[in-house]
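The values are calculated or read from the model by the stated rules, or taken from the named source; none is laboratory data. The structure presented is a predicted model; accordingly, all values stated were derived computationally and were not measured. Backbone-built Cβ (ideal geometry, glycine too); neighbour counts: all protein chains shown.
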Amino acid sequence: MGTTFPSRIRFFTSLLGSHILSGAVIEPRALNELLPDWQALPGHPMTQLATSSRMLFLTQQHALPIPHPPQMGNDGNYILSLSAFTRWLASIAENEYGVEIYPGFAGAQLFYSPEEDSYDPWGNKTRSIQGVVTNEVGLTRDFRLKSSFEPGMAFRSKATLLAEGAHGSLSKMAIARYQLRKEAQPQTYAIGLKEVWRVDPEKYRAGEVIHTLGWPLDKSTYGGGWVYHMDGGLVSLGLVIALDYKNPYLSPYREFQVRLSYSLSPSFPELLECIAHETSSIL
Ligand SMILES: Cc1cc2nc3c(=O)[nH]c(=O)nc-3n(C[C@H](O)[C@H](O)[C@H](O)COP(=O)(O)OP(=O)(O)OC[C@H]3O[C@@H](n4cnc5c(N)ncnc54)[C@H](O)[C@@H]3O)c2cc1C
């Protein structure tokens, strides 16, 4: 393994891997740099290379092939369970590099230096971040202390990396304190819905990647879908819809279910059993 980590890296996470659903296509470039010999490591979940990649424009009745943008090529990419990947990576970080991971603990507050010892990007003197404070546990719904109450713990660190995904609560605090969005374009968001299905083995084509535009979204709604044939007879299906849609009656979940009905088309496999579902926001 080629990477050396500082010995006391700590990660705070609500759950390890279980909040991250299977069915993603990933480009392994970052992994190749981080763990150059990952293919030799036991239990890695990169077992399904993308074998073909195409784009379709959907109408209600048809699936029309359209040119594949080169930047969306999938040569050398893997279709995998992101949840299994997260768990595998976590076990390597803990066992090989002594990284401490605290599943079940969320970072609840930023821990600031007591004095103004730094500058924000605009030249204003400010307090630097020196770590995080975890959430309190053992509170009732109306915030009374239970016998199991434990206060949040403050962890100090030389460097604090916030990796909370879209719209993280600590990130929002840091953005506000250091005015990180000043003079920046407004952030845009989308919602992504994804399901993993066991499909009819006769229509399962291991490694096939399909991206779709069009139906069920109308032409003023930005978004698109996918069908990834993962390992083990499973298929990931999903739809992403930008959250600036104009129609206030549009229900992303309903659109996704309509989209799933397209599985009746010859281009799509017959869905037999839903294994998992996830909805998540995207920056
Ligand atoms: C439906 C969908 C399909 C996608 N498909 C693909 C794909 O095929 N290929 C691809 O490359 N990308 C895909 N993406 C994008 C990819 O999932 C994201 O880019 C990636 O997950 C971002 O990683 P992240 O670590 O920044 O954030 P996340 O994966 O969101 O992870 C952030 C984690 O931090 C935790 N967290 C947040 N706040 C706190 C806190 N205060 N304390 C402790 N923990 C906290 C969250 O629970 C979460 O586990 C997809 C996204 C969606 C929604």
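Within the range 183-207, the set of residues being over 23 Å from the mean Cα position of the chain (by Cα) and in a strand (DSSP E or B) comprises just one member, 199. Residue 283 satisfies every condition listed in (1) within 11 Å of the ligand (Cβ to nearest atom); (2) in contact with a strand residue (DSSP E or B) (Cβ under 6 Å, 6 or more places away or on another chain) except (2). Answer with yes or no whether residue 92 is aliphatic (A, V, I, L, M) and closer than 25 Å to residue 214 by Cα. Against the criterion (aliphatic (A, V, I, L, M) and closer than 25 Å to residue 214 by Cα), residue 92 does not qualify. Only a single item in (1) over 26 Å from residue 77 (Cα atoms); (2) within 16 Å of the ligand (Cβ to nearest atom); (3) of a type in the set (A, V, I, L, M) is not met by residue 250, and it is number (2). Could you please let me know if residue 278 is part of a strand (DSSP E or B), in contact with a Lys or Arg (Cβ under 8 Å, 6 or more places away or on another chain) and more than 15 Å from the ligand (Cβ to nearest atom)? No, not satisfied.
All conditions in (1) exposed (fewer than 12 other Cβ atoms within 10 Å of the Cβ); (2) farther than 28 Å from residue 101 by Cβ hold for residue 176, with the sole exception of (2).
A count restricted to the range 130-156 and to residues that are among the polar types (S, T, N, Q) and away from the ligand (no atom under 14 Å from the Cβ) stands at 4. Condition check for residue 180 on (1) touching a Leu at 6+ places or on another chain (Cβ under 8 Å); (2) assigned to a loop (DSSP other than H, G, I, E, B); (3) of a type in the set (A, V, I, L, M, F, W, C): one failure, at (1).
Counted as qualifying within the range 42-85 are the strands (runs of 3 or more DSSP E) with 2 or more residues that are touching a helix residue (DSSP H, G or I) at 6+ places or on another chain (Cβ under 9 Å), namely 52-58, 78-80.
Of everything in the range 113-126 that is surrounded by 14 or more Cβ atoms within 10 Å (Cβ to Cβ) and free of Cβ contacts under 8 Å to residues at least 24 places away in the same chain, the residue that is farthest from the ligand (Cβ to nearest atom) is 118. Taken over the range 208-246, residues that are crowded, with 18+ Cβ neighbours inside 10 Å, within 14 Å of the ligand (Cβ to nearest atom) and not in a strand (DSSP E or B) amount to 1. The set of residues in the range 259-275 being more than 16 Å from the ligand (Cβ to nearest atom), at pLDDT below 85 and either of a type in the set (S, T, N, Q) or not in a loop (DSSP other than H, G, I, E, B) (or both) consists of 261, 262, 263, 264, 265, 267.
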